[in-house]
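The values are calculated or read from the model by the stated rules, or taken from the named source; none is laboratory data. As the structure is a prediction and not an experimental result, all values here were calculated from the model. Here the Cβ is made from the backbone with ideal geometry for all residues, glycine too, and neighbour counts use every protein chain on show.
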Amino acid sequence: MTRIIDGNAIASDIEADVQASVETLRDAGVQPGLATVLMSDDGASETYVSMKQQACDDLGIDGRHHEIDADAPADDLFDRIDDLNADESVHGILVQMPVPDHVEKRAVLERIDPEKDVDGFHPENVGRLVAGNARYKPCTPHGVQKILAAEGIETEGKEAVVVGRSDIVGKPMANLFIQYGDGGNATTTVCHSRTDDLAAKTREADILVAAAGVPEMIDGEMVKEGATVIDVGINRVDADTEKGYELVGDVDFESAKAKAGAITPVPGGVGPLTIAMLLYNTVKAASRQSGVGVDLA
Ligand code: NDP
């Protein structure tokens, strides 16, 4: 029987730990704070930010949202980041990507104080992750690691194949898989749009992580019997629904399920973990900056 992984349940357990840490911090007089910054009119980005803010409310984190007009000069965003860097009540800063074309993304990531970079995208934090000394692990790949741990799926000695090499999912995912220690020690292959014979690579995977942003591109023919399939993709496709679209992953769920040993659905798989790990990083940031210890696994 193929196990359908319940990402919501795993995220709830992590959020319970985060909430306990929030209480520890508050008892010591520290109110964890997360600033989200949106410089975009994109509907999906607005939705993601409001979900993150809602999650802060639910757990007692002080979530403060900042909006900057998408047409405003880049300096408006940089000045806001400078203010947030200097604000001691803000422990984590998240600038929702993508930013408009006239704003250089790398400059945004580098502007955020690395201690407050709860996305883990500042080059200093990327370097620490690669060196095996992560400060904040990027939320989505960290969430995938948490799913595998919660499901008792061993990575050591396994063939892990990651489809996608983006800075926010594919690369850090591969980096986590090759680290020493729990959740690592996997023999790891990274595939991308120039990969020759993708199916031959994915069929070798004991653990297959799909993060390509291409609706349902991984089907059962590309999955090894008994593999763990983690579908990171969130794609809007036209559908006859109230909203006019539905969300599908990068995996063709039904055909992949017929081969997999365990599989994440979309929605309800990786997505909830991404938010849980953002809250986790925020509490970790508050702990680091205040010197008040918390008990986070
Ligand atoms: P990007 O578009 O930044 O990267 C996609 C990657 O997939 C690229 O490396 C690209 O290769 C590769 N790729 C594209 N098409 C193919 C193909 N046909 N065969 C093999 N590789 C391919 O996307 P993200 O990493 O930001 O996101 C990936 C997906 O995950 C999206 O659906 C996104 O919405 C979702 N997502 C979900 C999150 C969650 O919480 N569940 C969080 C973040 C993202 P190349 O580099 O050669 O162009």
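Descriptive notes on the structure:
- Out of Gly233, Gly213, sole residue that is at positive phi, within 13 Å of the ligand (Cβ to nearest atom) and at pLDDT 95 or above: Gly213
- Boolean, Gly143 is in a loop (DSSP other than H, G, I, E, B) and within 19 Å of the chain's Cα centre (by Cα): no
- When residues in the stretch 262-290 are screened for being surrounded by 19 or more Cβ atoms within 10 Å (Cβ to Cβ) and either more than 13 Å from the ligand (Cβ to nearest atom) or free of Cβ contacts under 8 Å to residues at least 24 places away in the same chain (or both), 11 of them pass.
- If the condition is being under 18 Å from Thr202 (Cβ atoms), polar (S, T, N, Q) and in contact with a helix residue (DSSP H, G or I) (Cβ under 8 Å, 6 or more places away or on another chain), then the stretch 155-188 contributes Thr155, Thr188.
- Taking first residues from the stretch 119-141 that are on the phi > 0 side of the Ramachandran plot and partners that are of a type in the set (Lys, Arg) and crowded, with 22+ Cβ neighbours inside 10 Å, the Cβ contacts under 8 Å between residues at least 6 apart in sequence or on separate chains come to Gly120/Lys137.
- Number of the exception - Ile153 against (1) free of Cβ contacts under 8 Å to residues at least 60 places away in the same chain; (2) away from the ligand (no atom under 14 Å from the Cβ): (1)
- Among all positions in the stretch 165-181, there is no residue which is in contact (Cβ under 8 Å) with a residue 60 or more places away in the chain, more than 11 Å from the ligand (Cβ to nearest atom) and part of a helix (DSSP H, G or I).
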